[in-house]
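Report on the following structure.
Please treat every number below as a calculation from the coordinates, not as lab data. What you see is a predicted model, and the numbers here were worked out from it, not measured in a lab. Neighbour counts are summed over all protein chains in view; Cβ atoms, including those assigned to glycine, are modelled from backbone coordinates with ideal geometry.
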Ligand SMILES: [Zn+2]
Ligand SMILES: [Zn+2]
């Protein structure tokens, strides 16, 4: 076991504070990673505050992890000391179900293990990336290409793959009109990736406040959803709408913006069930779907894609003592576009 400095929430209503945790000794197929940067995902806040139900405390959040390998187990074949690597939302899965075999570990039916706020197969709680080191099985570690700086790569491990996977699955590319709904941590990655895939990209955001940024990141058009004319003007326009919004939406209104056979895909989810008039999907043979993060192989593909196209996330780098303040700013949508913790300050 190794004692490691970390930032943890001691309980659901308490602020995060500096502490130490124990990391397991490196096993046969494990790599020890010296974490350099960890992104702050909105779901860290949901979980640290028990917004998604009962959680395990103390909690060290963080599933957007970038660092350097500092030790490998004797059975490790894919990584060596000094490699630049990342860890996302999963650190293990059953490896036997159809989904695991198909590289869809995120949909593992035999029990996947979250990077934090979960119980590992050894019965111990998992602790995430707001820490100086982490030990992970090599099969759940990805390589960060040399062309990508580690700080801007960290948010790709959740925000990047969460948008890349559905954009690929629903064939965003040349000749396709894609709308990204919401211009936050996920949305800004959706814009960059959809643009790099060759799609014609429209941002649908509550206001035009971030319009300049959106256009700079690759959007071709930018509309305010608070303006009713937006819905009249864009009726029947899109092949794909990717919703990164977790506030309740008028789904019928958004479905009317799709072409025949278009798809509305949710990666954000409101806490309450939503109402829907099913005629909104019957007319035009439309699809209403969801998507969650991505598999390990696909996460590697996404990192390689981002490196090839020369972009990471847009970030605000913070020190560990700013984490609690950053949480408040995320809740107020006051971040452009992802906070990343310099974990050397933990
Ligand atoms: Zn996340
Ligand atoms: Zn599985």
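Computed packing ranks the peptides 163-175, 304-316, 269-281, 58-70 as 58-70, 163-175, 304-316, 269-281, most packed first, by mean other Cβ atoms within 10 Å.
Remark: spin-label model distance residue 274-residue 325 equals 3.5 nm, labels positioned 7 Å along the Cα→Cβ axis. Here the relative contact order of segment 1-160, from alpha carbon pairs under 8 Å that lie six or more residues apart, stands at 29 percent. If R0 equals 22 Å, the separation of the Cβ atoms of residue 297 and residue 94 corresponds to a calculated FRET efficiency of about 0.85.
Please identify which residues in segment 254-288 have an amide N closer than 17 Å to a label point set 7 Å out from the Cα of residue 333, following the Cα→Cβ vector. So the set is 254, 267-271.
In a fully extended conformation the segment linking residue 171 and residue 209 would gain 10.8 nm over its present Cα-Cα distance, using 0.36 nm per residue. Comparing 95, 23, 209 in a Gaussian network model of the chain (Cα springs below 10 Å), the most mobile by mean-square fluctuation is 209. At full extension, residue 119 and residue 13 could sit 36.0 nm farther apart than now, given 0.36 nm per residue minus the alpha carbon distance.
In segment 270-299, which residues have a backbone nitrogen under 20 Å from the label point lying 7 Å from residue 247's Cα in the Cα-to-Cβ direction? The answer is 270-276, whose backbone nitrogens lie closer than 20 Å to the label point.
Mean sequence separation of contacting Cα pairs (under 8 Å, at least six apart), scaled by the length of the chain, corresponds to a relative contact order of 18 percent. With only Cα atoms counted, segment 3-146 has Rg and Dmax values of 14.7, 42 Å. Most tightly packed first, judged by the mean number of other beta-carbon atoms within 10 Å of their residues, the peptides 286-295, 195-204 read 195-204, 286-295. Cα-based radius of gyration for the chain, normalised by 2.2 N^0.38 Å, reads 0.98.
When the alpha-carbon atoms of segment 220-273 are used, the pair Rg, Dmax equals 11.2, 32 angstrom. The long axis of helix 185-196 is offset from the longest Cα principal axis of the chain by roughly 70 degrees.
For segment 160-290, the fraction of C-alpha pairs more than 17 angstrom apart is 52%. Summed over qualifying helices (DSSP H, 4 residues or more, each -39500 (n - 2.57)) and divided by its residue number, the chain shows a 222 nm mean residue ellipticity of -6000 deg cm²/dmol.
Between residue 1 and residue 139, residue separation times 0.36 nm minus the direct Cα-Cα distance comes to 47.6 nm.
Treating r as the C-beta distance of residue 27 and residue 54 and R0 as 22 Å, the FRET efficiency rounds to 0.15. Between 0 and 90 degrees, the angle of helix 159-169 with respect to the longest Cα principal axis of the chain falls at about 50 degrees. Determine, from the Cβ-Cβ distance of residue 308 and residue 107 and an R0 of 22 Å, the FRET efficiency 1/(1 + (r/R0)^6), rounded to the nearest 0.05. So, using R0 = 22 Å, E works out to roughly 0.25.
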